[in-house]
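Inspection log for the structure reproduced underneath, given as structure tokens.
Please treat every number below as a calculation from the coordinates, not as lab data. What you see is a predicted model; the values in this text were computed from it and never measured. Cβ placement follows ideal geometry from the backbone for every residue including glycine, while neighbour counts extend to all protein chains displayed.
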Amino acid sequence: MPVHIKRRRGLAAIDGGLLRRRAVHLLQLLDLPDSELSILLTGDEEMTDLNREYLGRDRTTDVLAFSQMEGVGADLHRRILGDVVICVPQAERQAARFGGDLMDEVIVLLVHGVLHLIGYEHVGAGHSAAAKMRREQQRLVKLLHGKRK
């Protein structure tokens, strides 16, 4: 189960080995052990560009997910889930606001992004779908945080 992590320069330090282990464990928990996942750790400027280009929102955001499991060519490589893009400065701001640490917030964003990759939605999907995604995110984050190293 390949997990590819790319980190842009100039960002706060993130333990890539720990992030990779959490991503692998997450894929196991979701019964996707043979899937491939790419994670990009980026800054506000690139995240704003991506958010503008793909969602029409001219601002940064915490996480974006680009699924390879839907749309044209989805059947070509069924093992490739897609890309999760995490904005590290936004994760830092959220960690400070919620009183957590950066790595914990990055894990929450990873889980959120992967859930989007496999079809979960919350924006415009109705209360029931949003609640279902929130419950699954909380369950997975709890399991991942329970495994500290």
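Under the membrane-span-like helix rule (DSSP H runs whose alpha carbons stretch at least 20 Å along the helix axis, mean Kyte-Doolittle hydropathy 1.6 or higher), the chain yields 102-117. For region 3-145, the relative contact order is 23 percent, taking Cα pairs closer than 8 Å that sit 6 or more residues apart in sequence and dividing their mean separation by the residue count.
Semi-axes of the equivalent ellipsoid of region 4-129 are 22, 18, 15 Å, computed as sqrt(5λ) over the eigenvalues of the C-alpha gyration tensor in descending order. Which listed residue (Gln138, Leu19, Leu40) has the Cα farthest towards the positive end of the charge dipole for region 10-145, taking +1 on Lys and Arg C-beta and -1 on Asp and Glu C-beta about the Cα centre? So the residue we want is Gln138. Here region 1-116 is treated with +1 on each Lys and Arg Cβ and -1 on each Asp and Glu Cβ, and its dipole about the Cα centre works out to around 200 debye. With the helix formula -39500 (n - 2.57) applied to DSSP H stretches of n ≥ 4, the chain reaches a computed 222 nm mean residue ellipticity of -15500 deg cm²/dmol.
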